[in-house]
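Take a look at the structure set out below.
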Amino acid sequence: MKFTINREALLKPLQLVAGVVERRQTLPVLSNVLMVVDGDQLSLTGTDLEVELVGRVTLDEVSEGGEITVPARKLMDICKSLPENALIEFSQDEQRVKLKAGRSRFTLSTLPANEFPSIEEEAGSMTFTIGQTRLRRLIDRSGFAMAQQDVRYYLNGMLIEVSQNTLRSVATDGHRLAMCTVDADINQQDRHQVIVPRKGILEMARLLTEGDEMVHISLGANHIRAKTGDFMFTSKLVDGKFPDYDRVVPRGGDKIIIGDRQELRQAFQRASILSNEKYRGIRLILSDGMLKVMANNPEQEEAEEEISLAYHGETMEIGFNVSYLLDVLSVISGESVKITLSDPNSSALLEESDTSDSTYVVMPMRL
């Protein structure tokens with residue numbers, strides 16, 4: 001294997017591919033990135049057995065094809081530390097790879113390419129194409145509500161639901177739920193649901209930077225695959241049943257608050273400073289045209305905020321984890337937010353007050 005490549009051309013795919021590689025691995029080869037030169041194409045592959053990312057680069061100059069695996073982190077650090085637009089010469093010398101750039105020389109250890117595991121191909125049961133911006137919106141609008149290490153493993157990911165001309169994402173950690181729905185050119189009569197693990201969602205989001213470019217998605221029985229111009233991303237799916245989100249979304253709340261999103265967000269942030277660090281609880285007291293936000297903590301410190309907003313109805317007091325409310329107010333856009341409540345023991349429904357593709361549910365907290 002022998003080729004020359006510009007530092008910038010190598011760095012972008014290498015950074016994305018190395019992001020998939022876990023630092024602590026059970027198999028040494030999983031700390032490596034697989035490099036394959038075929039014709040004038042260099043492909044870089046990283047995997048942790050759950051997700052796999054392949055990046056492709058067209059080379060200016062190739063002397064010899066081949067395949068080998070090299071330490072991902074070290075290769076990336078070397079590339080980052082080289083001057084801009086440096087030309088890097090790669091050559092394989094038996095069990096070593098040599099890099100030359102200007103007056104710098106590096107020799108890296110390798111492992112054979114045949115030891116590198118690949119996620120097996122499976123026939124995609126369903127394929128569709130969607131703009132990267134739309135898919136990114138689905139992830140940005142709901143990804144924050146995914147659980148992180150819940151024993152209910154099916155919550156540690158995002159539900160992707162495909163139906164006729166619609167793509168929907170739903171995430172929940174059992175305390176709050178986020179849902180976003182976008183139009184998509186999909187011809188699918190029945191609802192088809194898959195759960196993509198948390199890491200798969202976060203890595204896929206890193207790829208979606210090309211705005212209006214399309215991304216090709218294929219959903220198999222065990223994998224989701226996304227193809228963009230130079231990248232192919234594969235993730236295993238979570239084998240489990242996602243909760244019926246329709247039953248979680250509260251219906252028929254009669255107390256409707258419409259307030260300024262930024263004003264509410266800032267008031268919640270200030271009150272949260274003196275909330276209990278462990279439970280993050282704040283108390284909302286609703287009265288005609290007014291919302292009072294209160295927080296206190298075990299040190300007997302207190303915060304109180306008053307906000308004027310559009311509400312006409314009976315007085316009510318309800319508690320929430322302030323972090324959950326702030327997460328929602330951070331991802332939605334628009335100047336005002338609509339909060340629908342029914343009673344102190346029922347979940348709140350948060351939406352943008354204009355027509356919106358996103359819905360949020362936050363469970364109340366006993367204070």
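The values are calculated or read from the model by the stated rules, or taken from the named source; none is laboratory data. None of these values were measured; they are calculated from a predicted model. Counting neighbours? That spans all protein chains shown, and the Cβs are built from the backbone with ideal geometry, glycine included. For the accessible areas, the whole protein counts, side chains as well, though only heavy atoms, and no ligand, DNA or RNA atoms are used. Shrake-Rupley method; radii C 1.70, N 1.55, O 1.52, S 1.80 Å.
Which count do you get for residues in the range 143-164 that are open to solvent by less than 50 Å² (accessible area, probe 1.4 Å), touching a helix residue (DSSP H, G or I) at 6+ places or on another chain (Cβ under 8 Å) and not hydrophobic (A, V, I, L, M, F, W, C)?
Result for the range 143-164: 3.
Determine whether the range 219-226 contains at least one residue that is part of a strand (DSSP E or B), open to solvent by 40 Å² or more (accessible area, probe 1.4 Å) and at pLDDT 95 or above.
Scanning the range 219-226, I find no residue that is part of a strand (DSSP E or B), open to solvent by 40 Å² or more (accessible area, probe 1.4 Å) and at pLDDT 95 or above, so the answer is no.
From the list 302, 335, exactly one residue is surrounded by fewer than 18 Cβ atoms within 10 Å (Cβ to Cβ) and within 17 Å of residue 261 (Cβ to Cβ). Which is it?
Just a single option satisfies the conditions, and that option is 335.
Let me confirm something: among 363, 290, which residue is open to solvent by 50 Å² or more (accessible area, probe 1.4 Å) and over 24 Å from residue 247 (Cβ atoms)?
290
Search the range 98-153 for residues being touching a residue at least 60 places away in the same chain (Cβ under 8 Å) and of a type in the set (Phe, Trp, Tyr), and hand back the single one that is nearest to residue 332 (Cα to Cα).
Ranking the candidates gives 144 first.
Exactly one condition in (1) buried (at least 16 other Cβ atoms within 10 Å of the Cβ); (2) modelled with pLDDT of 95 or more; (3) acidic (Asp, Glu) is not met by residue 244; state its number.
(1)
Filtering the range 52-72 down to residues that are among the aliphatic types (A, V, I, L, M) and in a strand (DSSP E or B), which residue is nearest to residue 199 (Cα to Cα)?
Among residues in the range 52-72 that are among the aliphatic types (A, V, I, L, M) and in a strand (DSSP E or B), the one nearest to residue 199 (Cα to Cα) is 53.
Residue by residue through the range 251-274, note down the ones that are surrounded by fewer than 16 Cβ atoms within 10 Å (Cβ to Cβ), in a loop (DSSP other than H, G, I, E, B) and of a type outside the set (Lys, Arg).
252, 253, 254, 273
Can you tell me which condition residue 186 does not meet? The list is (1) under 18 Å from the mean Cα position of the chain (by Cα); (2) outside any strand (DSSP E or B); (3) of a type in the set (A, V, I, L, M), and all the others hold.
(1)
Which condition number does residue 251 fail, the rest of (1) among the basic types (Lys, Arg); (2) farther than 23 Å from residue 126 by Cα; (3) touching a residue at least 40 places away in the same chain (Cβ under 8 Å) being met?
Answer for residue 251: the failing condition is (3).
Out of the residues in the range 21-46 meeting the condition of being of a type outside the set (A, V, I, L, M) and in contact with a Phe, Trp or Tyr (Cβ under 8 Å, 6 or more places away or on another chain), tell me which one is farthest from residue 204 (Cα to Cα).
Filtering first and then ranking leaves 32.
Which is surrounded by 14 or more Cβ atoms within 10 Å (Cβ to Cβ), within 29 Å of residue 26 (Cα to Cα) and in contact with a strand residue (DSSP E or B) (Cβ under 8 Å, 6 or more places away or on another chain), of 135, 111, 167, 177?
111
Counting only residues that are open to solvent by 30 Å² or more (accessible area, probe 1.4 Å) and not charged (D, E, K, R), how many does the range 347-360 have?
3
Does residue 226 fit the bill of being in contact with a helix residue (DSSP H, G or I) (Cβ under 8 Å, 6 or more places away or on another chain) and not charged (D, E, K, R)?
In short, yes.
Touching a Gly at 6+ places or on another chain (Cβ under 8 Å), at pLDDT 95 or above and assigned to a strand (DSSP E or B), is that true of residue 282?
yes
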